[in-house]
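Written out below as structure tokens is the structure these notes cover.
The values are calculated or read from the model by the stated rules, or taken from the named source; none is laboratory data. Computed from a predicted model, the values in this text were never measured in an experiment. Cβ: placed from backbone, ideal geometry, glycine included. Neighbour counts: every protein chain shown. SASA here: full protein model, heavy atoms, side chains in, ligands and nucleic acids out. Shrake-Rupley method; radii C 1.70, N 1.55, O 1.52, S 1.80 Å.
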Amino acid sequence: MPRNFSLLWLCALLALPAAEAGHGDAGSRAHRARPQPPAVPDCATLASTLRYPNTVFTTSEEVPSGALKLAGQDIGAHCRLTGRMYERVSPIDGKTYAIGFEMRLPLAWNGRFYYQANGGLDGNIVPATGNTSGGGPLTSALLQGFAVISSDAGHSAAQNPTFGLDPQARLDYGYQAVGKLTPMAKYVLRAAYGKGPRYSYIGGCSNGGRHAMVAASRYADEYDGYLVGAPGFNLPQAAVANIYGAQQYATVATPGATIPSGPFAGLPDLSSAFTPAERQLVAGRILARCDALDGLADGIVHDVQACQRAFDLQRDVPTCEGPRDGTCLSAAQKQALGNVFAGARDRRGRPIYASFPYDTGIAGNNFAFWEFTAPLALDSGAVGFVFGVPPANPSTFNPAAFVLNSDIDALAASIYATNDTYTEAAMSFMTMPDPRLRKMRRNGGRMIVYHGVSDAIFSAHDTIEWFRRLNAPHGHAHRQPKDEDRHGGAAQAFVRLYLVPGMAHCSGGAATDQFDLLTPLVQWVEKGLSPQSVIAQARGAGNPGGVNAEVPASWAPNRTRPLCPYPKVAHYVGGDVERAESFVCR
């Protein structure tokens, strides 16, 4: 990386007003118009020169063009900076915690900043490339010239899930890590380039989508655009619901069966509750009822809402009169599966979490993982240590017993509970304090949300219902909507929702799961161009971004379909059945 701008960069660093060090630029349009001197970071000395409160910058190294690739494309030369914030020793468990991060600063910076929000329980500092696609990557923020930050959200992978014993680690994971990292990252950009970002974006999928939604509610002054995938914005509820599902499946699973090998060997094997053949049976019956509702029987159910009215588990799937053989479901199986898709409920019949839409993904491997393995391997620790109050005792914790024997009503209550040590409940620190996003809207922020209809852990119904409620405070009954907003409600002015038929959690499934929503988000934020339909592509054989093994052999490997802004649905109007241009959104 060139070093001839070192002196200019250092002067810019030393000249930074102290008052700017802890504040972002994203909310200030006036600041964007102020001319500032350009500078290029001297990567070799960057870490040793930066100074920011409660922050240690550990390394900075030059990454040459082409050292990283994305879908066969070279990512340009950039500086990789690492560090940690707020290192401390917990008074609860005696462990050392810190918010670890890495930033990647392009030599050819486009003036934009992207916070890469990561998934799961966090704990890993994954490369800050800013991947944005649902499935295999078409593009990334770093590839486009954004400066990108990635973090572990305040704990290491080795501390999962028992980091939840520490109250502050819970809060960092929930929302405070984003609040602490964002102004620090913007300070680094001002120091490195001599100016802050013109526009700031945050995005991710799963828990990363939750992070982005929470940022829109809590940190609307810091960001302009939000790219939200499969958002677990009610993650504690979803985790309890998944444990509820495991208890339902256990009623029809083979007693005593355990997972024979792999990382989860020895845990109860719930997959015998619904064999692959039985799940394929249900998927086939869903297609039989719903596939042609959009005008074409093509293996994709575009009209999701019509399908929920058309398909009936009890009526449309044969009931076994004898032994299970893959051609029918027993009455007990139908009861268990119906309970799961109807949404977890407590003993009084009150919903714990949302219902799930019937879709083709029930036949896929992703469904099997989230329904049969994740409750024992992931949700047990998440509810037991991170979300519940009081947390479980790690010395006696048994995941299988916790999942299969716990009282669901007690678990549902624990995610709302507090005590003298854990003063903020999980349903507070993990969720949006203002789900109507009033401040984001006032600030002119824009959000694009996408969600796979076959997502088995975070329900697309939950996201749809949130979007409908979002319309309530913004709707104007007397206003004649524009054609692009017709039937979408006033929320379409600042949020767009795209459902991806057949797509599982974040990617995969019999779906066109490869698409670019970052580009339309940028055009919406910076040019005022409202996003309309977006082209999505299947990842069949030869796809440079990676192959999705669940793409049916009967499809063209590069099949395309339009993703329509909700509530519009793609309808076939004639032409090549493998091409998006043969469909319209209506």
Count - residues of the stretch 342-369 that are surrounded by fewer than 21 Cβ atoms within 10 Å (Cβ to Cβ) and in a helix (DSSP H, G or I) = 4
Do the conditions hold for Ala12, that is, is it modelled with pLDDT under 85 and under 17 Å from Gly194 (Cβ atoms)?
-> yes
Enumeration of residues in the stretch 103-116 that are open to solvent by less than 10 Å² (accessible area, probe 1.4 Å) and part of a loop (DSSP other than H, G, I, E, B) = Gly111
What number of residues within the stretch 212-221 are surrounded by fewer than 24 Cβ atoms within 10 Å (Cβ to Cβ) and either under 15 Å from Gly130 (Cβ atoms) or in contact with a strand residue (DSSP E or B) (Cβ under 9 Å, 6 or more places away or on another chain) (or both)?
-> 1
What number of residues within the stretch 311-358 are aliphatic (A, V, I, L, M) and over 30 Å from the mean Cα position of the chain (by Cα)?
-> 4
Can you find even one residue in the stretch 94-102 that is surrounded by fewer than 24 Cβ atoms within 10 Å (Cβ to Cβ) and without any contact (Cβ under 8 Å) to a residue 12 or more places away in the chain?
-> yes
Taking only the stretch 199-225 into account, find how many residues are farther than 11 Å from Gly119 by Cβ and part of a strand (DSSP E or B).
-> 6
State the number of residues belonging to the stretch 199-222 that are within 20 Å of Tyr498 (Cβ to Cβ) and not β-branched (Val, Ile, Thr).
-> 14
Of everything in the stretch 55-89 that's touching a residue at least 60 places away in the same chain (Cβ under 8 Å) and not in a strand (DSSP E or B), which residue is least open to solvent (accessible area, probe 1.4 Å)?
-> Ile75
Tally, over the stretch 438-485, of residues that are among the small types (Gly, Ala, Ser), at pLDDT 95 or above and either open to solvent by 30 Å² or more (accessible area, probe 1.4 Å) or more than 21 Å from Cys585 (Cβ to Cβ) (or both) = 4
When every residue in the stretch 560-586 that is outside any strand (DSSP E or B) and among the aliphatic types (A, V, I, L, M) is compared, the one least open to solvent (accessible area, probe 1.4 Å) is Ala580
Check the stretch 522-537 and report whether any residue there is part of a loop (DSSP other than H, G, I, E, B), in contact with a Ser or Thr (Cβ under 8 Å, 6 or more places away or on another chain) and either surrounded by fewer than 24 Cβ atoms within 10 Å (Cβ to Cβ) or of a type in the set (Asp, Glu) (or both).
-> no
Could you say which residue among Ala108, Ala153, Ala169, Ala177 is aliphatic (A, V, I, L, M) and more than 21 Å from the chain's Cα centre (by Cα)?
-> Ala108
